[in-house]
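Undergrad: I have a structure I would like to understand better, so I am pasting it below and will then ask my questions one at a time.
The values are calculated or read from the model by the stated rules, or taken from the named source; none is laboratory data. Since the structure is predicted, the reported quantities are computational estimates derived from the model, not experimental observations. Every residue, glycine as well, gets a Cβ built from its backbone with ideal geometry; the counts of neighbours run over all protein chains shown.
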Amino acid sequence: MSGGAHAAAREQVGRGVGGWRRRDWFVPAAAVVLGVAAGLVWQAVTPRPDFLITVVGPFPATEAAARSVIDLDGWYAVPAAACGLVLGVLVFALARRLAAWAVLMLVGVAAMAEFVEFVVGQLVANQRIWWSWMPTAGDNHRVTGPLVLHAWGATVVGPLVGLLALLLLVTFAPDRTHGPRSNGETAPDQPADDA
């Protein structure tokens, strides 16, 4: 076997399902773990507002409760942004450049982390998943609302922060990919040896 064939065989051994290297599976696994942690944080720190249930739907019972409705979405976005930041750094560690596959992988894993955050937070807080909450009643009774998202735009925070982190790292991180080349040439930023 030639040297090139050995290198190709070693490369194939290091690949797992679908041609992914084994270390590439670390990023989706990290997204799930980060999503679980973010969901636990979201449900723990978010205040639950009180609502008056009327014939047309729920209304915040007080002005403070109205502010808490906004807090539901804000407290969802904070752990989602942290997940996106960590995933952006992890994808940069794998890619070291702005490749199309790196961007797609980052958007996919950040969206997966946010979905896990949404599901875990709701299951822990509500014991079920609420996509929307619009109860009606004629007696104006007061209830504490469940943990729900009202502004679905908060779900893009994680992927956007991750992309921003990836772009900043690709732009400003030192490029360590240039080293001595195997055919005796030197990298552009290294002086040639005078023999």
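Undergrad: Mind checking which residues of the range 47-95 are farther than 26 Å from Val120 by Cβ and basic (Lys, Arg)?
TA: Scanning the range 47-95 gives no hits.
Undergrad: Looking only at the range 50-78, which residues are in a strand (DSSP E or B) and in contact (Cβ under 8 Å) with a residue 60 or more places away in the chain?
TA: Passing the criteria: Asp50, Phe51, Leu52, Ile53, Thr54, Gly57, Pro58.
Undergrad: Let me ask something else about it. Which ones in the range 123-156 are of a type in the set (Ser, Thr, Tyr) and more than 23 Å from the chain's Cα centre (by Cα)?
TA: Answer for the range 123-156, where residues must be of a type in the set (Ser, Thr, Tyr) and more than 23 Å from the chain's Cα centre (by Cα): Thr136, Thr144.
Undergrad: Using the structure shown, decide if Val120 is under 27 Å from Phe59 (Cα atoms) and modelled with pLDDT of 90 or more. Outline the logic, then answer.
TA: Details: under 27 Å from Phe59 (Cα atoms): yes; modelled with pLDDT of 90 or more: yes.
It is true that Val120 is under 27 Å from Phe59 (Cα atoms) and modelled with pLDDT of 90 or more.
Undergrad: Which is among the hydrophobic types (A, V, I, L, M, F, W, C) and in contact (Cβ under 8 Å) with a residue 40 or more places away in the chain, of Ala99, Ala137?
TA: On the way: Ala99 fails: in contact (Cβ under 8 Å) with a residue 40 or more places away in the chain.
From the options Ala99, Ala137, the qualifying one is Ala137.
Undergrad: Would you point out the residue of the range 75-98, among those that are small (Gly, Ala, Ser) and within 19 Å of Val116 (Cβ to Cβ), that is surrounded by the fewest Cβ atoms within 10 Å (Cβ to Cβ)?
TA: Looking only at the range 75-98, we keep the residues that are small (Gly, Ala, Ser), and these are 77, 80-82, 84, 88, 93, 95.
Those still in the list that are within 19 Å of Val116 (Cβ to Cβ) too: 77, 80-82, 84, 88.
Details: Ala77: 21, Ala80: 29, Ala81: 20, Ala82: 18, Gly84: 32, Gly88: 27.
It comes out as Ala82.
Undergrad: Which ones in the range 38-65 are among the acidic types (Asp, Glu) and surrounded by 15 or more Cβ atoms within 10 Å (Cβ to Cβ)?
TA: If we filter the range 38-65 for residues that are among the acidic types (Asp, Glu), which is where we start, we get 50, 63.
Residue satisfying the conditions is Asp50 alone.
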